[in-house]
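Asker: Dropping the structure in here first, questions after.
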Ligand code: ADP
Ligand code: MG
């Protein structure tokens, strides 16, 4: 059993009252040194509940379906395992982006981008923001520089796929943030396009949302995820 698994199993088997009393610390996690350092510099110490569950499982390479309230810390829940994977594993492709984070709106994509930039500040990793309303050709130039991480909105990213500015055949990790809102906004055809291009056995997919209970959500989960670990948190921790 790996160290991540041991830690997770120890934590998950604690009674609820203990879980609250003994939070897992970022310094306890088996993370790349540079990533750990930038988490520490930003003053993050204890993991929230959703982070404890999503990060420990995400680090193992599992597909995740996570539902947890706004403000519970989902952003680090997916960026930490994603960045750790980039820092510790060989790329599948030297050309294609390795991680794609999709958000429902430009503002949300920008917020995730700001957090990601801070987390990769001491590394050689690169990150591109690709959202609507900004210059298409400038974005095409960024995409040609082979960023490791692309963060953006599904509509604009699909436009760049159509224009052959970017290929996701080598994508290792697809993350859908606020997947419920993405569906409400009608992005399901763009999601399918992206999924089809990156549809290979080694891809890991993590879907995050605030709700789980729609038929459309479970259809999307069935289409995009491979035997996902379902993590549903009732309370904001
Ligand atoms: P969500 O996506 O679930 O709505 P966010 O990822 O945006 O939540 O996080 C909400 C706020 O909590 C942010 O200001 C973030 O910096 C802060 N936060 C996240 N994780 C932690 C943590 N482990 N310790 C302290 N603050 C945190
Ligand atoms: Mg969020």
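The values are calculated or read from the model by the stated rules, or taken from the named source; none is laboratory data. From a predicted model like this one, the values you see are computed outputs, not experimental measurements. When we count neighbours, we look across all protein chains shown, and the Cβ atoms used for this are built from the backbone with ideal geometry, even at glycine.
Asker: Here is a list: 102, 31, 35. Which entry is modelled with pLDDT of 95 or more, touching a strand residue (DSSP E or B) at 6+ places or on another chain (Cβ under 8 Å) and crowded, with 20+ Cβ neighbours inside 10 Å?
Answerer: On the way: 31 fails: touching a strand residue (DSSP E or B) at 6+ places or on another chain (Cβ under 8 Å); 35 fails: touching a strand residue (DSSP E or B) at 6+ places or on another chain (Cβ under 8 Å).
Checking each option against the conditions leaves just 102.
Asker: Checking residue 49 against (1) within 23 Å of residue 2 (Cβ to Cβ); (2) crowded, with 24+ Cβ neighbours inside 10 Å; (3) within 16 Å of ligand 2 (Cβ to nearest atom), which single condition isn't satisfied?
Answerer: Residue 49 satisfies all of (1) within 23 Å of residue 2 (Cβ to Cβ); (2) crowded, with 24+ Cβ neighbours inside 10 Å; (3) within 16 Å of ligand 2 (Cβ to nearest atom) except (2).
Asker: Related question: Among the residues of segment 89-114, which ones are within 12 Å of the chain's Cα centre (by Cα) and over 21 Å from residue 189 (Cβ atoms)? Please lay out each step first, then the result.
Answerer: Residues of segment 89-114 within 12 Å of the chain's Cα centre (by Cα): 98-103, 109, 112-113.
Listed by number, the residues that qualify are 98, 99, 112, 113.
Asker: Turning to a different aspect of this structure: Could you grab me the full set of residues in segment 184-210 that are within 16 Å of ligand 2 (Cβ to nearest atom), surrounded by fewer than 21 Cβ atoms within 10 Å (Cβ to Cβ) and under 17 Å from the mean Cα position of the chain (by Cα)?
Answerer: 210
Asker: Sticking with this one: Taking interchain pairs and intrachain pairs at least six residues apart, which have beta carbon atoms under 6 angstrom, with the first residue in segment 101-120 and touching a residue at least 40 places away in the same chain (Cβ under 8 Å) and closer than 19 Å to residue 35 by Cβ and the second part of a helix (DSSP H, G or I) and more than 10 Å from ligand 1 (Cβ to nearest atom)?
Answerer: 119/38; 119/83
Asker: Still on this structure: Could you identify the single residue in 146, 135, 169 that is over 18 Å from the mean Cα position of the chain (by Cα) and under 20 Å from residue 90 (Cβ atoms)?
Answerer: Details: 135 fails: under 20 Å from residue 90 (Cβ atoms); 169 fails: over 18 Å from the mean Cα position of the chain (by Cα).
One residue alone meets the criteria, 146.
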